[in-house]
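Asker: Sharing a structure here in structure tokens format.
Read-outs throughout are calculated quantities, based only on the coordinates presented, and are distinct from any laboratory measurement. Note that the structure is a prediction, hence the values are computed from the model and not measured. Counting neighbours? That spans all protein chains shown, and the Cβs are built from the backbone with ideal geometry, glycine included.
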Amino acid sequence: MLLMGRGFKFAVIVIVIVAASLAPRSRAGQVIDGIVATVNGTAILQSDVEEAARCEALLESRAPGEIGPAQEHAVLERLIDQELLRQQMANGFPPPKAEELAQRIMDLRRQMARKRWPSGSPCKCRWLPLWTCTCKAGCKSTGPA
């Protein structure tokens with residue numbers, strides 16, 4: 001009975017040692033993902049770069065296998081720029097002043113009117129805000145055409 005107890009203990013010890021020695025080997029050499037850059041504390045992972053490079057290759061009708069180190073570096077630079085913009089936008093921009101916004105809208109409408117009606121064309125009133133005519137014809141229109 002005493003020998004059986006020692007043999008059992010010995011077998012259990014051997015099994016534990018073998019199991020312990022095999023377990024770390026299965027995980028020790030595997031790197032799941034690596035950090036290739038950090039932007040103000042935010043990590044950009046290798047998998048992010050690879051995914052963006054594959055998407056870019058797909059959009060350009062290239063095979064994913066054609067991606068070289070130069071393309072991956074360019075993709076990484078773009079991801080860094082995107083993260084910087086994302087962080088900058090998170091800080092928030094001050095809202096535009098009402099006057100600036102109204103002026104920008106008027107400028108865009110004038111640009112659209114110039115494209116639609118070349119010089120000497122009919123009145124452009126309907127493209128301007130508040131329906132106030134500023135055309136050279138001087139029609140003094142104050143409402144929609």
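Asker: At a Förster distance of 41 Å, what's the computed FRET efficiency of Glu60 paired with Arg104, Cβ-Cβ distance as r, to 0.05?
Answerer: The value I calculate is 0.75.
Asker: Evaluate E = 1/(1 + (r/R0)^6) for Glu50 and Lys9, where r is the Cβ-Cβ distance and R0 equals 35 Å; express this FRET efficiency to the nearest 0.05.
Answerer: Calculated value: 0.10.
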